[in-house]
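One structure is given below, encoded as structure tokens.
The values are calculated or read from the model by the stated rules, or taken from the named source; none is laboratory data. Small disclaimer: the values here were computed from a predicted structure and weren't measured. All Cβ positions, even for glycine, are placed from backbone atoms using ideal geometry, and neighbour counts span all protein chains on display. Note: accessible area is taken over every heavy atom of the protein model, side chains too, but ligands, DNA and RNA are not part of it. Shrake-Rupley method; radii C 1.70, N 1.55, O 1.52, S 1.80 Å.
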Amino acid sequence: QVQLVESGGGSVRPGGSLRLSCAASGFTFSSRTVNWYRQPPGKERELVGSISGDSTSANYADSVKGRFTISRDNAKNTAYLQMTSLKPEDTAVYSCSVVHMLRRTWGQGTQVTVSS
């Protein structure tokens with residue numbers, strides 16, 4: 001079945017960096033756009049950005065543009081979210097997601113905490 005597993009979260013000081021991974025299985029990874037979302041504590045989930053299956057197109061929320069980079073390695077069935085210049089307001093549970101066979105699948109999420 002379709003499965004997404006995120007990893008790489010943790011605690012970091014403001015200005016720091018983290019790289020999240022999203023390992024996929026159960027479908028043709030290279031054919032699917034991957035979306036990264038986040039849900040800050042007490043707030044609704046928001047779209048962080050997306051990357052097309054062939055990596056030719058990537059889009060970002062204004063709040064992370066210039067600081068976050070989404071990439072993927074289709075040979076490894078893995079997508080990445082590189083986060084730099086992290087701010088306290090980036091604290092959230094980060095999840096990756098794909099739509100496959102008209103159904104959206106989510107990973108379990110990984111916690112990112114930015115605090116001094």
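If you put +1 on each Lys and Arg Cβ and -1 on each Asp and Glu Cβ, how big is the dipole of region 62-105 around its Cα centre, in Debye rounded to 20?
Dipole of region 62-105, to the nearest 20 debye: 160 debye.
Given a 1.4 angstrom probe, what's the average accessible area per residue across the chain, in square angstrom?
53
Using a 1.4 angstrom probe on the protein heavy atoms only, could you order 33, 28, 91 from most to least accessible area?
Descending accessible area places them as 28, 33, 91.
Arrange the peptides 52-59, 107-114 so that the one whose residues have, on average, the most other Cβ atoms within 10 Å appears first.
Averaged packing, sorted descending, gives the order 107-114, 52-59.
Residue 25 to residue 82: FRET efficiency via 1/(1 + (r/R0)^6), r the Cβ-Cβ distance, R0 25 Å, to the nearest 0.05?
Calculated value: 0.70.
Take the solvent-accessible surface of the protein heavy atoms, probe 1.4 Å, and return the percent of it on the chain that carbon and sulfur atoms account for.
Accessible surface attributable to carbon and sulfur in the chain totals 46 percent.
Work out the P(r) tail for the chain: percent of alpha carbon pairs separated by more than 18 Å, whole number.
Cα-Cα pairs of the chain separated by over 18 Å account for 45 percent.
Just in region 12-116: which GluC sites (Glu not before Pro) are loop by DSSP and have at most 14 other Cβ atoms within 10 Å?
44
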